[in-house]
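The values are calculated or read from the model by the stated rules, or taken from the named source; none is laboratory data. These numbers were taken from a predicted model, which means no experiment stands behind them. Methodologically, a virtual Cβ is constructed for each residue, glycine included, from the backbone with ideal geometry; neighbour enumeration extends over all protein chains shown. Calculation scope for accessible area: heavy atoms of the full protein, side chains included, ligands and nucleic acids excluded. Shrake-Rupley method; radii C 1.70, N 1.55, O 1.52, S 1.80 Å.
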Amino acid sequence: TTPPPQIYPPPPPYVLASVACVVSFSEDPNVKKYVSSSNLEHMYKVTLAVLSESELLETSRLLESRQIKHYTWVEEPEKIPVCLAVVPMPRDEIQPILKHLKLFR
């Protein structure tokens with residue numbers, strides 16, 4: 001069989017994590033509102049940094065403990081978690097939980 005075509009350059013993992021998160025939680029009311037045609041011009045993202053894989057996994061555990069829907073992207077075939085995406089939600093709900101992280105620049 002013919003292998004699937006490759007995209008060059010490949011999308012960064014945070015793009016893949018964002019799409020996977022939106023698709024995984026497509027029935028969530030905040031996701032529905034975020035991807036609605038009336039909101040397209042108002043979409044935004046915030047990219048925060050972690051310093052290590054362990055900090056990434058700890059952040060995922062923190063989100064799980066607060067029942068915050070998110071998707072952790074794992075690079076294959078290495079099986080290395082490299083980023084996570086949180087469902088779209090009001091800033092005042094997520095910011096206090098992730099305030100320990102700094103903006104990624």
Quiz item: In the set [x] 42, 18, 10; [y] 23, 20, 13; [z] 23, 16, 12, which value of semi-axes √(5λ) of the Cα gyration tensor in Å was calculated from the structure you see?
Solution: [y]
Quiz item: So which lysines can residue 33 reach, going by Cα to Cα under 22 Å and dropping same-chain residues fewer than 8 places off?
Solution: 45, 69
Quiz item: Whose amide H sits under 5 Å from the amide H of residue 83, counting only residues 5 or more places off or on another chain, with H placed in the peptide plane?
Solution: 73
Quiz item: When the chain is fully extended, how far beyond the present Cα-Cα distance does residue 20 get from residue 7, taking 0.36 nm per residue of separation?
Solution: 2.9 nm
Exercise. Find how many whole Å separate the alpha carbon centroid of the range 1-47 from the alpha carbon centroid of the range 62-104.
Key: 14
Practice problem: Find which of 67, 98, 23 sits farthest along the positive direction of the dipole of the chain, computed with +1 on the beta-carbon of Lys and Arg, -1 on that of Asp and Glu, about the Cα centre. | Solution: 98
Quiz item: Modelled label-to-label distance, residue 53 and residue 92, 7 Å Cα→beta-carbon offset: nm?
Solution: 4.0
Quiz item: Per the 1.4 Å probe, what fraction of the accessible area of the chain, in percent, lies on carbon and sulfur atoms?
Solution: 59
